[in-house]
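This report concerns only the one structure given below.
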Amino acid sequence: MSRRVAVIVFPGTNSEEETVRALSAVGLEPILVYPRTGRSALAGFDAYVLPGGFAHEDRIRAGAVAAHDPVMDAIIEAAQTGKFVIGLCNGAQMLLETGLVPGTGALRRPTAAFAPNSSGRFRSVLVHVKLAGDPARSPLTAGFEPDAVFPAWASHGEGRLAAPAQELDRIRRDAHVAFEYCDRNGRVSAAAVPNGSALACAGLMNRAGNVLALMPHPERIAWTFQQRDPAIIAAAHGAAMRALTPAGGIVFFRGLAHALAERSPRPQPQCTGGVR
Amino acid sequence: MRTYEVELTIPDNTAFTALGALQRLGISSDEIRRTDIYCFDVDAAQVGALDASVRSIETIYNPNKHRLAIVTQRPAGEVWIGDRADDARRAAKTQPTMSGERNIVIAGRRLAGVRSVSRATAWRLRRGGQDVAPEVLAKATAMLLCNPAFQEVVEFET
């Protein structure tokens, strides 16, 4: 029986379909969930994903209004019981607005933010991200190779990690940075950061490692035909079905599948090829 | 210093959403007003030129949908939310002139005599035709209007 993952769809969310496809590809059972869903129904999921988009048109600030939606009360409750919660782009912004990530302050009193890019502009660019530290730091990254690098699309106007200096020190010291921007060879540098993010941070997590906020979109480059790596493209050349197999950013979702499999005695899900 | 207030003359969807969100959070208010505040540190001799420039920079003021006014002090009953003083983002770029001075450039327009520009969003909450109590505005600020990770309540020298 598959693990059920709630994919939360707010008004303005736009990345739920590709997120669902990526979750299905790693053997999970994603279910689209809308804000009016009752709390008791939301409690029955094994994990929760907040996909990307422009929930509530990013009015006031990205993620600010959604962070106060009643559905987030259920998400917060689930996170506090140790269930896995992932936010992608706009979802990541929501998790920081709720204070779940980095989780160093009170709820809904954010201590860090994915703030407006240093350029002041929206930017859409292919990036690479790598694990920032020990894979064992979080169940969501425990299945990663230590030097794993995967591609993702940074597509946002508010993706810069910002926080007061003491908070940034604490984030770094307590290993809250889950993923860093890097080049395709895994080298972290200022040039690889598309938005001026402090600590080259692409993804942030809470202390327990069960809540992870990732700014770039791995689901937008999760299939072979989407890859830009010449070696991957060459390997798939002339093999149409191979082009439809998972690749690249799918690594991130395998991390969630691995974490869920490790949590219970059920058989480890296999990555199923093809499109849902 | 020269400070401008820019307000939408068409319905403000962001303000409408903020009001609804605040009401759901238990903030007792039935009216909200949101404006953009631009504070320029400018040479006194260039104020006239700046007034003309601001009126022609459409990313600040579009006469089809904005009202522009000069602000001489923050009105009572408003809270101004701006970037934290220690936040890294800049509101505008500087470019050097032939003589080596650096001028502020906004939307490609060089603003002579302007040393810096600061931005804020001004919010006003009202109930029954009156401004809400300061503690209610403070609560709304803390709960929703300001993210302390990169924003703070600001007071510009006007």
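The values are calculated or read from the model by the stated rules, or taken from the named source; none is laboratory data. Please read all numbers here as calculations on a predicted model, not as lab measurements. Methodologically, a virtual Cβ is constructed for each residue, glycine included, from the backbone with ideal geometry; neighbour enumeration extends over all protein chains shown. Ligands, DNA and RNA are excluded from the accessible area calculation, which covers all protein heavy atoms including side chains. Shrake-Rupley method; radii C 1.70, N 1.55, O 1.52, S 1.80 Å.
Observations on the structure shown:
- For residues of A:94-102, the mean tally of beta carbons on other chains within 10 Å: 1
- Sites A:ALA106 and A:GLU29, calculated FRET efficiency, Cβ-Cβ separation with R0 56 Å, nearest 0.05: 0.95
- With all protein chains in place and a 1.4 Å probe, the accessible surface of the protein assembly as shown carries 50 percent carbon and sulfur.
- For the segment A:157-170, counting C-beta atoms of other chains within 10 Å of every residue's C-beta and taking the mean gives 2.
- Each residue, B:VAL153 and B:ALA112, gets one label point 7 Å from its Cα in the Cβ direction; the gap between the two is 4.0 nm.
- DSSP beta bridges in the protein assembly as shown [antiparallel fraction, %, rounded to 5]: 80
- Gain in span if fully extended, A:ARG123 to A:ASP147, counting 0.36 nm per residue against the direct Cα distance: 6.0 nm
- What the phi angles of the stretch A:15-30 give under the Karplus curve with 6.51, -1.76 and 1.60, with θ = phi - 60°, is a coupling list of 10, 5, 5, 5, 5, 4, 5, 5, 5, 5, 5, 9, x, 8, 10, x Hz, glycine and proline written as x.
- Between A:ASP229 and A:ASN185, the simple label model (points 7 Å from Cα in the Cβ direction) yields a spacing of 1.6 nm.
- Remark: the protein assembly as shown carries 44 Å² of accessible area per residue (probe radius 1.4 Å; ligands, DNA and RNA excluded).
- Projecting label points 7 angstrom from Cα along Cα→Cβ for B:GLN46 and B:ARG33 puts them 3.1 nm apart.
- Put simply, chains B and A cover up around 1800 Å² of each other's accessible surface, both sides summed, when a 1.4 Å probe is used.
- Percent of Cα pairs exceeding the 15 Å cut-off, where the set is the stretch A:159-250: 67
- Relative frequency of Cα-Cα separations exceeding 39 Å in the protein assembly as shown, percent: 25
- Using Cβ point charges alone (K and R +1, D and E -1), the dipole size of the protein assembly as shown about the Cα centre works out to roughly 500 debye.
- List of the stretch B:14-43 residues, accessible area with partners at least 50 Å² below that of the chain alone (1.4 Å probe): B:THR17
- Note on the stretch A:1-126: Kirkwood radius taken over Cα pairs, Stokes-Einstein applied at 4 °C and 1.567 mPa s, translational D equal to 88 µm² s⁻¹.
- Helix-only mean residue ellipticity at 222 nm for the protein assembly as shown, each DSSP H run of n ≥ 4 adding -39500 (n - 2.57), per residue, nearest 500: -6500 deg cm²/dmol
- Debye equation applied to the C-alpha atoms of chain B, log10 I(q)/I(0) at 0.09, 0.13, 0.16 Å⁻¹: -0.33, -0.66, -0.95
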